[in-house]
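First the structure, in the form of structure tokens, and then the observations on it.
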Amino acid sequence: MREVIRLLVIKLFYKMQEINENLMEKIISLCKRRGFIYQGSEIYGGLAGTWDYGPLGVALKNNVKNSWWKKFVDSRCDMYGIDAAIIMSPEVWKASGHVDTFTDPLVECTKCKRRFREDQLKEHGKCDFCGASVTTPKQFNMMFRTQIGAVEDSSSTVYLRPETAQGMFVNFKNIVNSFHPRLPFGMAQIGKAFRNEITPRDFVFRSREFEQMEIEYFINPIGWEKYFEYWRDEMFEWMDSIGLEISKIHELEVDKNDLAHYSKRTIDFEFDFPFGRKELYGLAYRTNFDLSRHKIDYQDEENKTKITPHVIEPTFGVDRTILALLSGSYREEQLTDVEVRPYLAFKPSIAPIICAVSPLLKNKPELCKYAELVYGKLKNEFGRVMYDDNGNIGKRYRRQDEIGTPWCIVVDFDTLADNTVTIRDRDTGEQTRINKEEVIPYIKERIN
């Protein structure tokens, strides 16, 4: 009996793995077909670990970043936004420890010569492709090196930043001198970072060029725990606000032996991606490691004392957020035995397109003219509005469902008689008839 149960569990495991792989293939296919994400340099065979965002992908990213900036910067009086340079003095990375410690264990197959991260091998000591043995691991620094200036020698070596955090630490003194903030206060930045990943994988989850949204919140070390808990709650609140499924998010307390060299405590927020539970965001207590290494202190004007502030760091990956939103919102509705309706159930506030306007028939000038007027008003109000007259109305609905548009608005012959239009809901498929003047309030109410 136990053997039967064991075999059933194994069978179920592989079946679920097959389903998840199939889901990932569907998401990647949808992203390319509908203009969310393309392979980088695709016409030349692609460049591993690089991705280009299409029109809808850019819109989705901007909505995520704007939501993050509004909550963590614009709505607060203790946060200062910056945009630091990608290329920084190499002394920054020496002081921060990245030159010496920012490494991954690299192994190479003794037969096919493919390279892997040792800790990501499916079977320890064996190649994922041919099954041959791999070499003893050696430490591989993941920072991209480049040269600056006209002469290429060791003195001209610089790095593309592997994180956005150091740009905030080295500007700490500038912010203090310009704005004289009192502790606690924070600095926030959204920007690109670069890591020479040995094996980029899982679509945009692990790539060589990616975008981060980071906060460095500077505090007096006394009572750091309350600030840590505060930022944990703030992170969950924002995740919920953009429509991430909280039931798919799990906290992992990082073991002391696995902490980064700068951290005293770290929580990883993991998400149930189709390829498994993986890290989405992080919350770290970096102590005063970074400011100390850069020899920066803070003059407490009230107590007339100098201290080196400690730091709480909430870190958010933009690309991983996009992937979590795509995989978490993907739905399929079985319409008939053979017909399936795929759609993305984005929250309206985060969807790349809020609504689409269509004439019932594109060869009727009177319908098109009226639809264009409705489209113009909605475009002026919401910005993220699409005019769609390609194909029949059923195909338009399916296309808009697939890109996650919450509402489709159709102008038909009744519209010409009574100024009413049809609004179709993406999730339910229900259609409502309302006056065209009520469309904007109707959408506003549901977005909020």
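Just so it is clear, none of the values below were taken in a lab; they were calculated from the coordinates. Note that the structure is predicted; figures quoted are calculated from it, not measured. FYI the Cβ positions are ideal-geometry reconstructions off the backbone, even for glycines, and counts take in every protein chain you see.
Select from the range 385-448 those GluC sites (Glu not before Pro) which occupy a DSSP coil region and have at most 15 other Cβ atoms within 10 Å, ordered by residue number.
E430
Check each of the trypsin sites (Lys or Arg not before Pro) in the range 156-216 and keep only those in coil by DSSP with at most 13 other C-beta atoms within 10 angstrom; list them in order.
R182
Would you please classify the overall shape of the range 187-270 from the alpha carbon gyration tensor, given that a ≥ b ≥ c denote the square roots of the eigenvalues, rounded means a/c under 1.5, and beyond that prolate means a/b larger than b/c while oblate covers the rest?
prolate
Enumerate the amide H contacts of G186 below 5 Å, restricted to partners 5 or more residues apart or on another chain; note that Pro and chain-start residues carry no placed amide H.
M79, Y80, F218
Going by alpha carbons, how many degrees (0 to 90, nearest 10) lie between the helix axis of 393-403 and the longest principal axis of the chain?
Result, in degrees: 10.
For the chain, with a Gaussian network of springs between Cα atoms less than 10 Å apart, report the residue from S89, S263, S349 with the top mean-square fluctuation.
In the Gaussian network model the winner is S89.
Please arrange H310, H124, H294, H98 by counting, for each residue, the other beta carbons lying within 10 Å of its beta carbon, fewest first.
Ordered by Cβ neighbours within 10 Å, fewest first: H124, H294, H98, H310.
With θ taken as phi - 60° and the coefficients 6.51, -1.76 and 1.60, list the Karplus ³J(HN,Hα) couplings across the range 28-42 in order, rounded to whole Hz; mark glycine and proline as x.
Each residue of the range 28-42 in turn: 5, 5, 4, 4, 6, 4, 9, x, 8, 9, 10, 5, x, 6, 4 Hz.
What ranking of L360, L291 emerges when the number of other C-beta atoms within 10 Å of each C-beta is taken as an exposure proxy, fewest first?
Listed from fewest to most nearby Cβ atoms, that is L360, L291.
Only counting other Cβ atoms within 10 Å, I'd like C130, C77, C109, C31 sorted with the fewest neighbours first.
Exposure proxy ranking, most exposed first: C77, C130, C109, C31.
For the chain, set up a GNM with springs between Cα atoms under 10 Å and report which of E381, E152, E251 has the largest fluctuation.
Its mean-square fluctuation being the largest, the pick is E152.
Which one, F72, F179, F169, has the greatest fluctuation when you compute a Gaussian network model over the chain with C-alpha springs under 10 angstrom?
F179
Could you tell me which of rounded, prolate or oblate describes the range 387-448, using a ≥ b ≥ c as the square roots of the eigenvalues of the alpha-carbon gyration tensor, with rounded for a/c under 1.5 and, failing that, prolate when a/b is larger than b/c and oblate otherwise?
Since a/c reaches 1.5 but b/c is at least a/b, the shape of the range 387-448 is classed as oblate.
Any chance you could give the angle, 0 to 90 degrees and rounded to 10, that helix 224-241 forms with the longest Cα principal axis of the chain?
20
Within the set of other residues whose C-beta is less than 11 Å from the C-beta of F205, count the net charge using Lys and Arg as +1 and Asp and Glu as -1.
Once positives and negatives cancel, what remains is 0.
Hull surface divided by four, with the convex hull built on the Cα atoms of the chain: how many nm²?
Value for the chain: 29.8 nm².
By the gyration tensor of its Cα atoms, with a ≥ b ≥ c the square roots of the eigenvalues, what is the shape of the range 230-285: rounded for a/c under 1.5, prolate for a/b over b/c, or oblate?
oblate
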